[in-house]
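What follows is calculated from the coordinates using simple rules that are stated; it is not laboratory data. All values derive from a computational prediction rather than experimental measurement. FYI the Cβ positions are ideal-geometry reconstructions off the backbone, even for glycines, and counts take in every protein chain you see.
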Amino acid sequence: MKVIVGLGNPGRRYEGTRHNIGFEVLTELVRRHAVGCRPKAKFDGEIIEANIDGQPACLVYPLTFMNESGKCVRQIVDFYKVVANELLVVCDDFNLPIAKLRLRPDGSHGGQNGLEDILQRMGTLIVPRLRIGIGPLRADWEPANFVLSRFDETERPQINACVARAADAVRVWMNDGIAAAMSRFNRDPVEPTETSANDP
C-alpha cells in the first residue's frame with residue numbers, strides 16, 4: 001500500500017485557493033483511478049482506496065486544517081503500517097514559480113506548515129514530497145493571505161495543466177520510484193515545436 005496525501009483546508013471557503021492545490025491533484029487522481037470508489041471519513045480525514053496500475057493506493061484528504069495535517073497522516077501510516085518512503089505528500093510552495101513541480105525524497109518543510117506538522121509527527125525528514133509552485137509571493141502580500149488567495153484567470157490554465165502533470169508524476173512515483181519521477185518532472189515540460197507543411 002502506498003499513501004498519497006494531498007494537503008489543503010476543508011470547506012467551500014477554501015476551494016480553489018493556492019493552499020489547496022494538493023487537494024486538486026488528489027481529486028484528479030480520484031477521477032483517473034478511483035471512479036466509483038466510495039470515500040471513507042476516518043482518521044481525521046477522508047480516504048479513498050484506489051488502484052493505480054494494479055497497485056493499491058490510499059488517497060488522503062486531511063480534514064484537520066493545514067497546520068495539523070500530520071494528525072491525520074500519522075493515524076493512517078500506523079493503521080496501514082506504511083514506512084515513510086511509501087508516503088507521498090503533495091503540497092503548495094510559494095517559493096517556486098507558478099506551475100513548477102519539484103519532487104524530493106526528503107528534506108526540511110521549507111516553510112510549508114502542513115508538511116512541517118507531518119514531518120514532526122512522523123519523526124523523520126525522509127518523507128517524499130511533491131511541491132507545486134504557486135508563486136512568486138507578491139511583494140505587497142502577507143504569506144498567509146497570499147496562499148489563501150485564488151488563482152486569477154490568467155493563471156488557471158497553467159494550474160489545470162500542472163495538476164494533470166502532477167497526477168502523472170504520482171503515477172511514475174508509484175511505478176518507478178522517486179528518482180525516476182524527479183528525473184522526469186523536476187524539469188520544465190518540453191513545449192511542442194511547430195513544423196512547417198513541407199517538413200517530412
Task: Along principal axes, Cα extents of segment 24-97, largest first, whole Å - done: 34, 31, 23
- [ ] Could you tell me which trypsin sites (Lys or Arg not before Pro) in segment 64-171 are loop residues by DSSP with no more than 12 other beta carbons within 10 angstrom of their beta carbon?
- [x] K81, R138
Open item on the list: Taking amide H atoms as placed 1.01 Å from N in the peptide plane, list the residues 5 or more away in sequence, or in a different chain, whose amide H sits under 5 Å from that of F94.
Closed with: I134
- [ ] Using the charge dipole of segment 147-188 (Lys, Arg: +1 at Cβ; Asp, Glu: -1 at Cβ; taken about the Cα centre), state which of I178, N160, S149 has its Cα farthest towards the positive end.
- [x] I178
Open item on the list: Run lengths n ≥ 4 of DSSP H only: what is the helix-derived mean residue ellipticity at 222 nm for the chain, with -39500 (n - 2.57) per run over all residues, to the nearest 500?
Closed with: -10500 deg cm²/dmol
TODO: Could you give the C-alpha radius of gyration of the chain expressed as a fraction of 2.2 N^0.38 Å, taking N as the number of residues it contains?
DONE: 1.02
Open item on the list: Charges at C-beta only: +1 for Lys and Arg, -1 for Asp and Glu. How large is the resulting dipole of segment 1-152 about its Cα centre, in Debye rounded to 20?
Closed with: 240 debye
Open item on the list: Loop only by DSSP, 11 or fewer other Cβ within 10 Å of the Cβ. Give me the GluC sites (Glu not before Pro) in segment 47-154 that pass, ordered by residue number.
Closed with: E153
Open item on the list: Taking 8 Å as the Cα distance limit and 6 or more residues as the minimum spacing, I'd like the relative contact order of the chain as a percentage.
Closed with: 24 percent
Task: log10 of Debye I(q)/I(0), alpha-carbon scatterers only, for segment 81-200 at 0.09 Å⁻¹ - done: -0.30
Open item on the list: Can you tell me which of A167, A181, A41 moves the most in a GNM of the chain? Springs connect C-alpha atoms under 10 Å apart.
Closed with: A41
Task: Total charge dipole magnitude, segment 1-77, about the Cα centre, Cβ charges on Lys, Arg, Asp, Glu only, Debye to nearest 20 - done: 120 debye
TODO: Have a look at V147, V83, V35 and tell me which one the Gaussian network model of the chain (Cα, springs below 10 Å) gives the largest fluctuation.
DONE: V35
Task: Kirkwood-type radius of segment 57-144, with distances r between different C-alpha atoms, in Å - done: 13.5 Å
